[in-house]
Amino acid sequence: MSDQSCVYIKKEWDIVAARQMGRDIATQVGFKTVDQARIATAISELARNIYLYAGAGKICFEAIETVQKKGITIKATDEGPGISDLAQVMEDGYSTSGGLGAGLPGVKRLMDEFDIISKSGEGTTIESTKWLR
Amino acid sequence: MEKILKDVVLDNSDEIVRMWIEQVKKNQGGAFYQSLSDEALENTNREFANAIFEGIQKGKIAKTPLDEFAEKLINLGWPLTYLTDGMQVFRRSVVKFIIHKWEDLDFSEADNYFELGDDYFPWVLEKVDEWVDPLVNELVSEYSGSWENIVSLQRMALQELSAPLIPVMDNITIMPLIGTIDTERAKMVMESLLDGVIKHNAEVVLIDITGVPVVDTMVAHHIIQAAEAVRLIGSRCILVGIRPEIAQTIVNLGIDLGKFPTKSSLRKGFQTALELTNREIVEDTNREEEIENLIESLDRSEEE
């Protein structure tokens, strides 16, 4: 049982829309304040990466509900330049834009599951799940 | 010749309005229309039709009835689709009506009468478009103009709220941040922070992030930069209002905020700021003592 909803990221303010939608879905799934903040922050990072590096893309949310567990999956897709060295971007402190370089490794720590597929020149897809405990 | 078309449309306005209203009603099934009473919708439809006809009749004048009508709808919060849909239906109705009446039209007295033959249909379409298109443009520009106006007003209001700096005491200044911080706002925070520090001669600046919903790496990065800039001009920055959930996400993200002091609340931050400027809050106990002395002396006088 699942349902999906998406936010397109084109402008900086779309990040706020994505965050808001993600927070609403997280609340419906039953996440508490701390996890809501974690999820919202993770969405913020992923959406900002799309806005900064790919220019445009989308973020989709899926509320997952099985017999054993509940959770939320965030899927960030873009058709931007892609990431050439995945190991490097997952390192703390690596940034090409003068930022803190904590974005992607941070998202991985904020969420429970983290999966990244990227091809140079074709775009990036990141799928990340947080389970309700 | 065009005049004849116009006349026939104006003369038969009742008939066309009837066709138009019939068609428009079919399209008005959305949630917005269901919230309105039938009567209100009916009245507005009629008003719309009248405004369109007056618009066609008078041609281009400074303030057409259609403008006034559009303005009224904007103020009432009706959707733009109501107007565009209405104009499209109007175009179709007029064309349909003219084609229907084509056989009865008498062009023999027209100035530049020429034979159109069977090709009259594109010609009619073109003529009707010539009336309707300017009206549609007018409506849409009226509508988008009013939206742009609202957006720019709100942007101004937002900018005014963006980065306020409050000098609460000598050498102590507070900047409360409320709402989302984007790149533009982060720049303003930095500028007004540095300007304010110099202007108010502040030794300590408290940045309060109680009202910031999400602190991600970008927001943290800007705060760190601002604090570093404040340090460079010889003042100190204290980050206050860090809610427990924000503290956890900051730790998870692995952001190092160790370069400047942080506090959970503005109150604690303010106390630290006072300590940093060699001051403290002292309760005024003298007055209580005075009152006690007074009561005691009264008691004594009664005893005597």
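Here is how the numbers come out for the structure above:
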{"item": "Selection count where residues are at pLDDT below 90 and closer than 21 Å to B:THR183 by Cβ, scope the range A:56-79", "result": "0"}
{"item": "Residue that is outside the structural domain of B:ASN75 (by TED's automatic domain parsing), of a type in the set (A, V, I, L, M, F, W, C) and under 22 Å from the mean Cα position of the chain (by Cα), where the choices are B:ILE181, B:ILE198, B:ILE150, B:ILE174", "result": "B:ILE181"}
{"item": "Members of the range B:25-35 found to be under 21 Å from B:SER93 (Cβ atoms) and either polar (S, T, N, Q) or modelled with pLDDT of 80 or more (or both), listed by number", "result": "B:ASN27, B:GLN28"}
{"item": "Segments classed as strands (runs of 3 or more DSSP E), wholly inside the range B:165-239, with at least 3 members that are in contact with a strand residue (DSSP E or B) (Cβ under 7 Å, 6 or more places away or on another chain) and closer than 19 Å to A:GLY98 by Cβ", "result": "none"}
{"item": "Any hit, the range B:192-211, residues being under 17 Å from A:GLU12 (Cβ atoms) and either touching a helix residue (DSSP H, G or I) at 6+ places or on another chain (Cβ under 6 Å) or within 14 Å of chain A (Cβ to nearest Cβ) (or both)", "result": "no"}
{"item": "Breaking point among (1) outside any loop (DSSP other than H, G, I, E, B); (2) modelled with pLDDT under 90; (3) surrounded by 17 or more Cβ atoms within 10 Å (Cβ to Cβ), for B:ILE255", "result": "(1)"}
{"item": "Single residue of the range A:15-49 satisfying the filter (touching a residue at least 40 places away in the same chain (Cβ under 8 Å) and within 7 Å of another protein chain (Cβ to nearest Cβ)) that is farthest from A:GLY71 (Cα to Cα)", "result": "A:ARG48"}
{"item": "In the range B:183-199, the residues that are surrounded by 19 or more Cβ atoms within 10 Å (Cβ to Cβ) and either in contact with a Pro (Cβ under 9 Å, 6 or more places away or on another chain) or without any contact (Cβ under 8 Å) to a residue 24 or more places away in the chain (or both)", "result": "B:ARG185, B:GLY196"}
{"item": "Residue in the range A:108-129 that is facing chain B (nearest Cβ under 9 Å) and in contact with a Phe, Trp or Tyr (Cβ under 8 Å, 6 or more places away or on another chain) present", "result": "no"}
{"item": "Residues (in contact (Cβ under 8 Å) with a residue 24 or more places away in the chain, more than 9 Å from every other protein chain (Cβ to nearest Cβ) and buried (at least 16 other Cβ atoms within 10 Å of the Cβ)) located in the range B:224-249", "result": "B:ALA226, B:ALA227, B:ALA229, B:VAL230, B:SER235, B:ARG236, B:CYS237, B:ILE238, B:LEU239, B:VAL240, B:GLY241, B:ILE242"}
{"item": "Number of positions in the range B:192-209 that are within 25 Å of B:GLY254 (Cα to Cα), β-branched (Val, Ile, Thr) and in contact with a Ser or Thr (Cβ under 8 Å, 6 or more places away or on another chain)", "result": "1"}
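The values are calculated or read from the model by the stated rules, or taken from the named source; none is laboratory data. Keep in mind that this is a model prediction, so the values were computed, not measured. As a convention, Cβ positions derive from the backbone with ideal geometry for all residues, glycine included, and neighbour counts pool all protein chains shown.
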